[in-house]
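This report concerns only the one structure given below.
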Amino acid sequence: MSRIDLTINGQSKRFDVPGETLLVDLLRDQAGLTGTHIGCDTSQCGACVVRVDGATVKSCTILAMQCAGGRIETIEGIAKGKELHPVQAAFSENHALQCGYCTPGFVITAIDIIETNPQGLDAQTVREELHGNICRCTGYNNIVAAILDAAQRMGVPVQATGERS
Amino acid sequence: MNPFHYHRPKTLAEAQMLFRDAESPRFIAGGMTVLPSMKARLLDAENLIDLSKIEALQGIEARSGRLRIGASTTHATIANSAVVRQMLPALATLAGGIADRHVRNRGTLGGSLANNDPAADYPAAALALDAQIVTSERTIAAADFFTGLFETALTEAEIITAVDFSLPDRAAYTKHRHPASGYAIVGVFAARFGQHWQLTLTGSSAYGAIRLMAFEKQLVKGATPDGLDGVDIDDLPILEDPSFPIAYRRHLIKLMAKQAVAMTIDDVSI
C-alpha cells in the first residue's frame with residue numbers, strides 16, 4: 001500500500017492504494033467518480049478516457065501510482081455548476097449519444113481535440129482523432145457533428161470537407 | 001491483475017539496483033503493452049519498476065548529423081517535435097500513426113523497441129536508419145538488436161536509454177493499418193542515402209522487422225517505384241494468417257514499398 005496525492009478536477013486528495021490499482025478503479029471506487037466508465041477493459045474502447053496532466057489517457061491502462069502528484073480531469077469536472085461545457089451542450093443538441101455509455105470518454109476526448117487544434121478543425125481530422133474511442137451504437141456522424149459544433153462555440157474555426165452530415 | 005509492488009526510481013543506477021535485488025522484477029515505461037498483458041495474465045511481476053521519471057531517458061537532440069531521442073519519449077512527443085519534424089519527418093509521421101491518440105500519449109520509443117512486437121512500427125525505422133540503440137551498458141546496432149519475435153539483444157537489467165538515428169536524404173513510412181488495433185499489417189520504411197536505399201518491412205514478417213534486400217538491389221539498378229513490380233519476393237518469410245493471406249500481404253508489400261520509394265524521390269508521383 002502506498003500513499004499518493006492527486007489533484008482531481010481541481011481538488012487535492014490523498015489516497016492509499018496497492019501497486020496494481022488502475023486509475024479508473026481509484027476514480028470509481030475510492031473517489032466515487034463513476035462518470036468514467038469501464039467498457040472493454042482491454043485498452044481499446046476509450047470509455048474510460050480522462051486527462052492526466054493535460055493529456056488524454058485510457059484510465060483502464062494506467063496505474064494510479066503512475067499518476068502520483070498528477071492532475072486528473074474527469075467528466076464530472078467539466079461543467080460549471082449547472083452550465084454545461086460547450087461540448088456537453090453540443091452533444092445534447094446534436095443527438096450525439098444514444099445509450100450514452102461511451103459518452104464520457106468521447107466528451108473528454110472531444111475537448112482535448114478542440115483544445116489541441118486551435119488553428120481549426122474539419123470532419124476528417126475529427127474522425128482520425130477519434131480512432132481510440134468506440135461507440136457501439138455507431139452514432140459517429142452525430143458525434144463528429146457535435147464536436148465541430150462545439151469547436152465553433154469555443155472559437156475554433158471549422159472548415160468544410162464536403163463530408164456528409 | 002495479480003498484486004505487485006510499484007517502484008518509481010529517479011536514476012538509471014537506482015532502477016538497475018531495484019531490478020537486481022527484487023523478486024520477479026519487470027520494467028515498465030509507458031505500459032501500453034505491459035499493463036494489458038498483465039491484465040490478461042500473459043505477463044506477471046512481483047515488482048514493477050517504472051522508468052518514466054528517469055531524466056537520463058528523456059530529451060530529443062540533433063548532434064553530429066544524427067538525431068538522438070531519449071528512450072522514454074512518447075510517440076505523441078516524437079510526432080509533435082519540431083526537431084523531429086524538421087530533421088526526420090518520416091519518423092514523426094510514423095509516430096503519429098501508432099495506435100490511437102491516447103496510446104500515443106503514453107507509449108514510448110524505448111518500450112516499443114524493447115518489446116519488438118513483429119507488428120510494431122519503430123523497428124522498421126530503426127533498421128532502415130541504421131539506428132544505434134544506446135543502453136545502460138553499451139551501444140547496439142539495430143541490425144544486431146532485433147533477434148526474433150519479441151526478442152532482443154537486451155540482457156537482464158539492461159535498459160535502453162536512447163536511440164540514435166542516422167539522417168537520410170529522404171525517408172518515408174507507409175503503412176496499411178489493422179482497422180481495429182492500428183498495428184501494421186504491412187509497414188514499409190524507405191530511407192534514401194544518395195542513390196542508395198534501405199527498405200524495411202514490419203507487420204508481415206515471421207521474424208519481426210526485416211530488410212527488403214531484393215527491392216534495395218533493384219533500386220540500385222533503376223530508381224523508379226515501378227521497377228519494384230517485377231521483383232520476386234516469393235522467398236520473403238511472411239506470416240501465415242487467415243485474416244490477411246500471404247498473397248494479399250505480398251501485394252500490399254509491393255504497394256507500400258512503391259509508395260514509400262516514390263515519396264523519397266524528388267518530383268516523382270504515382
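In the calculated pair distance distribution of chain A, what percentage of Cα-Cα distances lie above 24 Å? Could you put the intermediate results ahead of the total?
Numbers: 4532 of 13530 pairs.
Summing the P(r) tail past 24 Å for chain A gives 33 percent.
Out of residues 5 or more away from A:Ile8 or on other chains, whose amide H comes under 5 Å of its own, with H placed 1.01 Å from N in the peptide plane?
Excluding prolines and chain starts, which carry no amide H, the hits are A:Lys13, A:Ile72.
Among A:57-67, B:53-63, A:36-46, how do they line up by average Cβ neighbours within 10 Å per residue, starting with the highest? List each step's numbers first, then the result.
On the way: A:57-67: 25.6, B:53-63: 15.6, A:36-46: 19.6.
So the order, starting with the most tightly packed, is A:57-67, A:36-46, B:53-63.
Take every DSSP beta bridge with both residues inside chain B and express the antiparallel ones as a percent of the total, to the nearest 5.
Percent antiparallel among DSSP bridges in chain B is about 80.
Can you give the FRET efficiency to the nearest 0.05 for B:Leu43 and A:Thr7, using r as the Cβ-Cβ distance and R₀ = 30 Å?
Working: r = 31 Å, r/R0 = 1.03.
Efficiency, rounded to the nearest 0.05: 0.45.
Quick one: Cα centre-to-centre distance for the stretch B:192-269 and the stretch B:75-118, in angstrom?
Using only Cα atoms to place each centre, the spacing works out to 22 Å.
What average count of beta carbons from other chains do you get within 10 Å of the Cβ of residues in A:60-69? All intermediate terms of the calculation are to be shown ahead of the outcome.
Working: counts 3, 11, 7, 9, 1, 6, 11, 0, 4, 1.
That works out to 5 on average.
Please average, across the residues of B:68-74, the number of beta carbons from any other chain that are within 10 Å of each residue's own beta carbon, and give a whole number. Before the final figure, lay out the partial values.
Values: counts 0, 0, 0, 0, 0, 0, 1.
Mean shielding count: 0.
Could you state, as a whole-number percent, how many of the C-alpha pairs of the stretch A:2-77 are farther apart than 17 Å?
Numbers: 934 of 2850 pairs.
Counting every Cα pair in the stretch A:2-77, those more than 17 Å apart make up 33 percent.
Hey, what's the per residue convex hull volume over the C-alpha atoms of the protein assembly as shown, in cubic angstrom?
Working: hull volume 66.7 nm³, N = 435.
So the per-residue Cα hull volume is 153 Å³.
Measure nothing fancy, just the Cα-based angle from helix B:246-264's long axis to the longest principal axis of chain B, in degrees from 0 to 90, nearest 10.
The two axes meet at around 80 degrees.
Say R0 is 45 Å: what FRET efficiency, to the nearest 0.05, do A:Gln30 and B:Leu167 get from their beta-carbon distance?
0.40
Determine the alpha carbon to alpha carbon distance for each of A:Lys13/A:Lys82; A:Lys13/A:Lys58; A:Lys82/B:Lys39; A:Lys58/B:Lys175; B:Lys39/B:Lys254 and list only those over 29 Å. List each step's numbers first, then the result.
Values: A:Lys13/A:Lys82 24 Å; A:Lys13/A:Lys58 21 Å; A:Lys82/B:Lys39 38 Å; A:Lys58/B:Lys175 24 Å; B:Lys39/B:Lys254 37 Å.
Violating the 29 Å Cα-Cα cut-off are A:Lys82/B:Lys39; B:Lys39/B:Lys254.
Run the quick spin-label model on A:Gln119 and B:Ala206: label points 7 Å from Cα toward the beta carbon, then report their separation in nm to one decimal.
It is 4.6 nm.
With all pairs of different alpha carbon atoms counted, what Kirkwood hydrodynamic radius in Å does the stretch A:86-159 show? Can you show the working numbers first?
On the way: mean 1/r = 0.0848 Å⁻¹.
Here the Kirkwood hydrodynamic radius works out to 11.8 Å.
Run the helix sum for chain B: -39,500 (n - 2.57) per DSSP H stretch of 4+ residues, divided by residue count, reported at 222 nm to the nearest 500 deg cm²/dmol.
Working: 11 runs with 86 residues, N = 270.
That comes out to -8500 deg cm²/dmol.
Relative contact order for chain B using alpha-carbon pairs under 8 Å, separation at least 6, rounded to a whole percent? Walk me through the numbers on the way to the answer.
Numbers: 572 pairs, mean separation 39.6, N = 270.
Once normalised by length, the contact order is 15 percent.
Could you work out the relative contact order of the stretch B:170-264, using alpha carbon pairs under 8 angstrom and six or more residues apart, expressed as a whole percent? Provide the component values of the computation, followed by the final result.
Values: 166 pairs, mean separation 30.3, N = 95.
Dividing the mean separation by the residue count of the stretch B:170-264 yields 32 percent.
What value in Å³ per residue do you get for the convex hull of the alpha-carbon atoms in chain B?
On the way: hull volume 33.9 nm³, N = 270.
For chain B, the hull spanned by Cα atoms encloses 126 Å³ per residue.
Please give every one of the lysines within straight-line cross-link reach of A:Lys80, meaning a C-alpha to C-alpha distance under 18 Å, and leave out same-chain neighbours fewer than 8 residues apart.
Reachable lysines: none.
Starting from one equal scatterer on each C-alpha and no solvent at all, send me the Debye-based log10 I(q)/I(0) for the stretch B:72-152 at q = 0.14, 0.15, 0.18, 0.22 Å⁻¹, two decimals.
After summing over all Cα pairs, the log10 values are -0.44, -0.51, -0.74, -1.07.
Compute a Gaussian network model of chain B, connecting alpha carbons closer than 10 Å, and tell me which residue from B:Pro36, B:Pro25, B:Pro242 fluctuates the most.
Maximum fluctuation in the GNM of chain B, among the listed residues, is at B:Pro242.
Once you have a ≥ b ≥ c as the square roots of the Cα gyration tensor eigenvalues for the stretch B:1-92, tell me rounded if a/c is under 1.5, and otherwise prolate or oblate according to whether a/b is larger than b/c. Don't skip to the answer; put the middle values down first.
Numbers: a/c = 3.63, a/b = 1.84, b/c = 1.97.
The shape class here is oblate.
For the pair B:Arg250 and B:Lys221, what calculated FRET efficiency results from E = 1/(1 + (r/R0)^6), where r is the Cβ-Cβ distance and R0 = 25 Å, to the nearest 0.05? Kindly include the intermediate steps, with their values, before the conclusion.
Values: r = 21 Å, r/R0 = 0.84.
In this case the efficiency is close to 0.75.
Would the stretch B:5-50 count as rounded, prolate or oblate if I go by the C-alpha gyration tensor, calling it rounded below 1.5 in a/c and otherwise prolate when a/b exceeds b/c, oblate otherwise?
Numbers: a/c = 2.98, a/b = 1.65, b/c = 1.81.
Here the stretch B:5-50 falls in the oblate category.
How big is the gap, in Å, between the Cα center of the stretch A:33-86 and the Cα center of the stretch B:1-35?
Result: 24 Å between the Cα centres.
Which whole-number percent of Cα pairs in the stretch A:1-46 have a distance greater than 18 Å? Each step should come with its number before you reach the end.
On the way: 331 of 1035 pairs.
Value for the stretch A:1-46 (Cα pairs over 18 Å): 32 percent.
The numbers here are math on the coordinates, done by the rules we state, and not lab data. Please read these numbers as outputs of a predicted model, since none were measured by experiment. Glycine gets a Cβ as well: all are built from the backbone with ideal geometry, and neighbour counts include every protein chain shown.
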